[in-house]
Amino acid sequence: MNHQLNPPPPVVLTIAGFDPSSGAGITADLKTFAAHNCYGVAAITALTVQNTQGASALHPLEASLLRQSIVSLLADERVRAIKIGMLGNRANAEVVGEILDSNVALPAVLDPVVRSASGLNLVDAAGLDYLREHLLGRVRLVTPNLDEAAALTGLKVENMEQMKAAARKLVEMGAHAAVVTGGHLEKAIDVYFDGTEMESFVGDRVKPDNTHGTGCTFSSAIAANLALGRQLRDAVVLAKAYVTEAIRKAYAVGPGRLPLNHLYRMQQNPRATDHTPAIPEPVH
């Protein structure tokens, strides 16, 4: 029996792939949860071979093992939010769909990972179809980048107006809300649409080479903020601010694309419990 006097932090579950360089995937998610004073637990969908210079191989885990892992973690009854990242194949995507159907009260954030920056496909075609047709309507928020938004909607997505069109299309396709991220544009613009309100958040584009794992980190930060009880829009805004500062505080750990500094808050103010960086201003 647990007799600890201190209340436990919110538990957040990540369902994603393993990046051995720790810039993206499961390990990036866990660091992000920790930075938000949440406790992270993880179910791995696939192993990858990669470093800062790129990903070269993908090995999905068996769907039965993924299901057992998630069910075991949820049996502890303390998970407060779910982040979904790379799925690898349709079998794993179907497992996640089953889990979401059985846990409709848990807010889930879907980062629809399609391929790596180096061009490796991270979900098969059948898995992408399942994600598009079945998972979008089962999550609280979907957070595609430009290429992922294009793959999901079939639209051309290269500027802010096209991002708005893609966000609307994703909601029409069943998503409750969508954020289309534009970190590769001249300005770091994210477009948020909840089915009623459309907003664009503009942030500084800092250190463009320090971007390995930004999508994973952004969606994980949103999930952590939801677990902490924040409203969806506020969670999105705070996550963008966190990611921007994590990019700004990144440092070299390899010769390729650098990962974010997920733990910068702990390094600059170890005793702080809730340090919030400057929040980006919305534009309409």
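The values are calculated or read from the model by the stated rules, or taken from the named source; none is laboratory data. None of these values were measured; they are calculated from a predicted model. Every residue, glycine as well, gets a Cβ built from its backbone with ideal geometry; the counts of neighbours run over all protein chains shown.
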In the range 194-247, residue surrounded by the fewest Cβ atoms within 10 Å (Cβ to Cβ) [restricted to those that are acidic (Asp, Glu) and not in a loop (DSSP other than H, G, I, E, B)]: 234
What strands (runs of 3 or more DSSP E) completely inside the range 1-120 contain at least 1 residues that are farther than 25 Å from residue 267 by Cα and either of a type in the set (S, T, N, Q) or over 15 Å from the mean Cα position of the chain (by Cα) (or both)? 39-51, 54-60, 79-84
Within the range 71-92, can you find the residues that are among the hydrophobic types (A, V, I, L, M, F, W, C) and surrounded by fewer than 24 Cβ atoms within 10 Å (Cβ to Cβ)? 71, 73, 74, 75, 79, 91
Can you say whether residue 166 is more than 25 Å from residue 54 (Cα to Cα), in contact with a Leu (Cβ under 6 Å, 6 or more places away or on another chain), of a type in the set (A, V, I, L, M) and assigned to a helix (DSSP H, G or I), as far as the supplied structure shows? yes
Hits in the range 129-150 - residues which are crowded, with 19+ Cβ neighbours inside 10 Å and either without any contact (Cβ under 8 Å) to a residue 24 or more places away in the chain or small (Gly, Ala, Ser) (or both): 149
Taking the conditions exactly as written (crowded, with 22+ Cβ neighbours inside 10 Å and touching a strand residue (DSSP E or B) at 6+ places or on another chain (Cβ under 9 Å)), does residue 16 satisfy them or not? yes
In the list 74, 110, which residue meets the criterion of being at pLDDT 95 or above, among the hydrophobic types (A, V, I, L, M, F, W, C) and closer than 23 Å to residue 177 by Cβ? 110
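Conditions tested, residue by residue: (1) modelled with pLDDT of 95 or more; (2) among the aromatic types (Phe, Trp, Tyr); (3) in contact with a His (Cβ under 8 Å, 6 or more places away or on another chain).
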residue	(1), (2), (3)
7	no, no, no
17	yes, no, no
31	yes, no, yes
45	yes, no, no
For the range 73-81, state whether one or more residues are closer than 23 Å to residue 144 by Cα and either free of Cβ contacts under 8 Å to residues at least 24 places away in the same chain or not hydroxyl-bearing (Ser, Thr, Tyr) (or both). yes
So which residues in the range 251-275 are of a type in the set (D, E, K, R) and either within 12 Å of residue 21 (Cα to Cα) or modelled with pLDDT of 80 or more (or both)? 257, 265
